[in-house]
1. Given axes a ≥ b ≥ c from the Cα gyration tensor, I'd like to know whether region 214-327 is rounded (a/c under 1.5), prolate (a/b larger than b/c) or oblate.
2. Which angle from 0 to 90°, rounded to the nearest 10, does the C-alpha axis of helix 98-110 make with the longest principal axis of the chain?
3. I need the calculated FRET efficiency for the pair Asn54 and Ala136, taking r as the beta carbon distance and R₀ as 45 Å, to the nearest 0.05.
4. Which order do you get for Lys470, Lys115 if you rank them by accessible area with a 1.4 Å probe, largest at the top?
5. Relative contact order, percent, of region 126-280 when contacts are C-alpha pairs under 8 Å separated by at least 6 residues?
6. Which length gain, in nm to one decimal place, applies between Lys514 and Thr186 when the Cα-Cα distance is subtracted from 0.36 nm times their residue separation?
7. How many angstrom lie between the C-alpha centres of region 250-315 and region 109-144?
8. May I ask you to derive the relative contact order of the chain, considering only C-alpha pairs under 8 Å and at least 6 residues apart, and to give it as an integer percent?
Amino acid sequence: MPELYLVMKNHVIMKCLRILSVLSWTLFLHVAIHAQLTTQEIDHLITDAMKRFNVVGVAIGIVKDDEVVLTKGYGVRSIHTQAPVDAHTNFAIASNTKAFTSAALAILVDEGKLKWTDNVVDYIPEFRMYDPYVTANFTIVDLLTHRSGLGLGAGDLMFFPDGSEFTIKDVLTCFQHFKPVSAFRTKYDYDNLLYLVAGEIIGRISGMHWEDFVKTRILDPLGMDNSYCSFQQKPDMPNVANPHSTETGPLKEIPHFEKDAKKINGAAGAILSNVDDLCNWMRLQLNKGKYGANLEKQLFSEASHRYMWRIHTVTNFSPDSRYNTHFAGYGLGWGLRDVAGKMSVTHTGGLPGMLSKTILIPDLNLGVVILTNTSMGGGPLFSAVTQTIVDSYLGLDNFQWTDKHAEQYEQMLGTADSVVTRVWQTVEAADDAHIDPADYVGIYEDKWFGKVEVSMKDGQLWFRAYRSRKLNGPMSYYQANTFAIKWEYQDMPADAFAMFSLDEEGKAQRIEMKGISPNIDFSFDFQDLDLRRVE
């Protein structure tokens with residue numbers, strides 16, 4: 001009897017354990033299945049964030065396991081027309097374009113027309129960097145990995161704001177005039193202009209403009225039929241979101257940022273696309289270059305895919321307990337890091353009134369893209385939304401990302417507003433009786449930016465850049481030998497200080513500049529100017 005009792009007891013215990021195991025597994029599956037946000041929860045997440053960050057229009061695309069989970073638009077394309085955003089509404093994706101440029105080069109690498117490690121001067125002999133050794137050894141990979149030694153956004157002022165007269169010829173030779181901020185290939189500093197050089201290489205090797213190559217070799221094969229590399233490719237684009245901004249005051253609609261494709265290629269950030277098309281792009285990336293109904297086609301090789309997703313430049317990151325991140329770096333058009341034991345492949349994009357983010361978690365076969373048409377709120381919105389959605393797939397708890405980004409956003413705005421307000425209060429109270437405007441009037445020249453003129457207009461000093469027509473505006477005395485410039489261009493907070501150096505007779509000989517607002521976009525690299533009097 002005791003043995004029979006023990007057998008029966010053990011049998012009952014084992015049966016109970018099996019039942020508990022099944023219940024636990026069922027509970028796990030229930031949690032896993034319901035960890036991902038429903039469409040209704042995503043709707044609420046996005047509409048709430050739009051209100052919190054004052055964003056006009058948003059579109060989202062999600063792919064999982066090679067299936068499109070969601071494509072949807074929210075809000076409107078324009079505060080004037082009130083036309084709704086949908087899954088086919090085109091937005092400027094800005095620097096999310098960079099991955100298309102690296103993919104275009106990968107196609108040429110696979111065709112044997114170039115190697116990643118080829119030197120740029122082998123294809124563009126007139127290319128010049130700040131040092132002969134750097135010029136001779138600057139490779140195609142160096143063009144794509146933000147490790148040139150130059151400072152953040154060096155030379156972007158040639159194209160910010162838009163409407164300038166600079167061309168690709170100016171870009172190819174401008175780098176020799178900049179002072180490096182770090183040794184070659186030792187430090188990450190984001191740049192745009194070197195991607196334009198990469199676009200020029202694509203053009204010279206293929207015999208096609210960058211715009212035409214990307215359209216015919218990438219967008220068209222992927223079925224991205226409503227995506228374009230410039231407004232010139234589709235001037236009558238019917239379903240396009242207009243940019244909006246709150247950066248310089250109340251919400252307003254602003255003009256599209258446009259470049260002249262005849263002067264400069266769009267390799268750094270010119271593509272206009274929509275979440276429906278971009279789901280095809282994310283599926284291509286998650287499938288390692290394969291596409292088609294049965295993945296029977298290959299746009300670029302798996303070897304090239306691995307190379308683009310390899311860290312080429314190490315970047316800084318802040319360790320955190322939530323994601324347990326161990327590394328971060330930049331590949332070829334992609335930011336790379338680990339989150340909660342999974343690889344994260346991501347990039348953001350920003351132009352006036354247009355902010356976007358793409359994030360891929362290849363270990364989960366997951367991709368999320370967010371497009372917005374409002375700055376400044378589009379940035380915290382795309383961060384809050386993508387982090388919440390990705391966290392749900394990672395099985396993490398709800399971290400209330402919208403609340404956290406809203407708090408940071410308000411702090412950032414408050415700090416910037418107080419700095420700018422103090423500057424203009426100082427200008428208002430400044431005594432300029434001792435200032436003789438004639439001492440400052442003249443023409444000044446920078447080696448890469450060209451000439452600017454300081455003149456008198458309606459009794460006030462006025463600044464005008466010869467080759468960037470939107471950079472003009474009145475100069476108001478601030479203090480010492482410094483003036484504050486209020487640009488006529490107000491789509492972004494780009495107002496700047498002009499700091500004059502005087503000779504022994506008190507006549508201005510040199511101008512140095514820097515932005516006023518802490519929120520100024522890094523592409524307004526006024527600090528890189530060295531304007532010397534020539535007349």
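1. Cα axes put region 214-327 in the oblate bin.
2. 80
3. 0.35
4. Final ranking, largest accessible area leading: Lys115, Lys470.
5. Numbers: 206 pairs, mean separation 39.5, N = 155.
Here the relative contact order equals 25 percent.
6. 115.5 nm
7. 22
8. So the answer I get is 17 percent.
The values are calculated or read from the model by the stated rules, or taken from the named source; none is laboratory data. All figures in this text were calculated on a predicted structure; none of them were measured in a lab. Counting neighbours? That spans all protein chains shown, and the Cβs are built from the backbone with ideal geometry, glycine included. In case anyone asks, the SASA skips ligands and DNA or RNA and just uses the protein heavy atoms, side chains included. Shrake-Rupley method; radii C 1.70, N 1.55, O 1.52, S 1.80 Å.
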